[in-house]
Amino acid sequence: MTSEQVERLFYENGYMKTPSNLPEFTFYWRKENQGITVIFVIDYRQEIYISVDQYAHMKEKIIEFFHAKGEREIHMLSLILSSDTEKAKKLCVNDSFCWMVDMNVGRLLIFENQVDDFYGFRKILENLMTQMSFATDDEGLSSKEERLSGRDVRSAEKWSRERIAGLPWVNICLVAVNVFVFLICTFTGELLYNKGAFGVQEIMVDRSYYRMITSMFLHSDVDHLVSNMIVLYYVGEIVERKVGHIPYVIIYFLSGTAGNIFSMGYELWSGDYYSSIGASGAVFGAEGALLLLIILHHGKMEHVTVSRLAFAIAFSLYCGFTGSYVNNAAHIGGVLMGFAATAVIVMLCARVRMGKDRDINEN
């Protein structure tokens, strides 16, 4: 990928170029309805070295550049072109708005903690690399595979494994299990509902604690199932990509359990006892998790803003309070637990990364 090809790609998609004093660093920008989108291109193929602090400083300077022009909402993505992905990875891996292009094999590298798309630019970039030839010799080789060295092939295989691992498998499985259980319920009548629904009497008297989990996979009808699964599918996918598979499982089940505990507390306080089912507590937990992640990403992530998500959560709670047969306590408990659990997970991950960075510096 040459600088001319990169420049032409941006111009064709309506971006303006602002060069820096160094040819290795260029940023392109485009006016959107909600501010400015910026793509900061770093040509890391040159014999240069950039520290994490220098990289962060350059991004801050770009933001200051647009602030000086009166722009307040700036969404920036870094695009690092490199033949040494390990070197570039040190800059990019902890930045959610950073992608790498492995110039050895012509691959776009996006890690699971990074944004999956940026205003449709991912598809544009991947189409360009698909059309390009990465031939660097004069032997007339026709296929890309024939031109790759053994190291390049291993890099491509590693990239493929990372992309597969980055898919939201947990969320897909959770949606599938909910649908599968509902299908079983259509054939077994009230059997699973009687055995798995959540109720204070069953918990306090019979000590059927498993109902806190089983009730999360039962739904009263098709509308109940579809409404929960649509939200879970879209919100859960984003959360899982950002926090990882295991942390997402933890958030899901903690939120669902917290929702049932809040429900039990409300029933004991009000004296109004009833059986409840549904994944709403866990779904609201995913929304609470996403709310925290958006706040940490300065108010916008995956085309979702804090205000829009907060409105969606508030509207859902309002509909619950004004509707009938809706377990609002479970919704509140779920969203609070999702927010809190994600905060703890993010803090622990940050400490782990700091420890690893400290070990690297000491070595």
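The values are calculated or read from the model by the stated rules, or taken from the named source; none is laboratory data. Only a predicted model underlies this, so the values are computations on that prediction, with no experimental measurement involved. Note that we place each Cβ from the backbone using ideal geometry, even for glycine, and neighbour counts take in every protein chain shown.
Can you find a residue that is modelled with pLDDT under 75 and within 19 Å of GLU60 (Cβ to Cβ) anywhere in region 21-43? The answer is yes; a qualifying residue exists.
Across region 242-252, what is the number of residues that are assigned to a helix (DSSP H, G or I) and either in contact with a Phe, Trp or Tyr (Cβ under 9 Å, 6 or more places away or on another chain) or surrounded by fewer than 19 Cβ atoms within 10 Å (Cβ to Cβ) (or both)? Even if it seems obvious, please write down each step before you answer.
Kept after step one, since they are assigned to a helix (DSSP H, G or I), are these residues of region 242-252: 242-243, 245-252.
When the remaining residues are screened for being either in contact with a Phe, Trp or Tyr (Cβ under 9 Å, 6 or more places away or on another chain) or surrounded by fewer than 19 Cβ atoms within 10 Å (Cβ to Cβ) (or both), the result is 242, 245-246, 249-250.
Qualifying residue count, region 242-252: 5.
Can we say LEU174 is modelled with pLDDT of 85 or more and among the aliphatic types (A, V, I, L, M)? So LEU174 fits the description; yes. Against the numbered list (1) under 25 Å from GLU86 (Cα atoms); (2) surrounded by 12 or more Cβ atoms within 10 Å (Cβ to Cβ); (3) at pLDDT 85 or above, PHE66 comes up short only at (1). Among residues of region 203-217 that are in contact (Cβ under 8 Å) with a residue 24 or more places away in the chain, those with a beta-carbon under 6 Å from a residue that is small (Gly, Ala, Ser) and part of a loop (DSSP other than H, G, I, E, B) at least six positions away or on a different chain give the pairs SER215/ALA197; MET216/ALA279.
Can you say whether SER51 is loosely packed, with under 13 Cβ neighbours inside 10 Å and small (Gly, Ala, Ser), as far as the supplied structure shows? It is true that SER51 is loosely packed, with under 13 Cβ neighbours inside 10 Å and small (Gly, Ala, Ser). Quick check on LEU225: is it surrounded by fewer than 22 Cβ atoms within 10 Å (Cβ to Cβ), within 17 Å of VAL179 (Cβ to Cβ) and at pLDDT 85 or above? When the stated conditions are applied, LEU225 passes them. Looking only at region 218-229, residues that are free of Cβ contacts under 8 Å to residues at least 60 places away in the same chain and over 25 Å from the mean Cα position of the chain (by Cα) come to 5 in all.
Among ILE172, ILE251, ILE184, ILE230, which is the only one that is closer than 20 Å to MET337 by Cβ and not aromatic (Phe, Trp, Tyr)? Only one candidate qualifies: ILE251.
In the set (1) closer than 30 Å to VAL352 by Cβ; (2) surrounded by fewer than 14 Cβ atoms within 10 Å (Cβ to Cβ); (3) in contact (Cβ under 8 Å) with a residue 40 or more places away in the chain, the condition left unmet by ILE110 is number (2).
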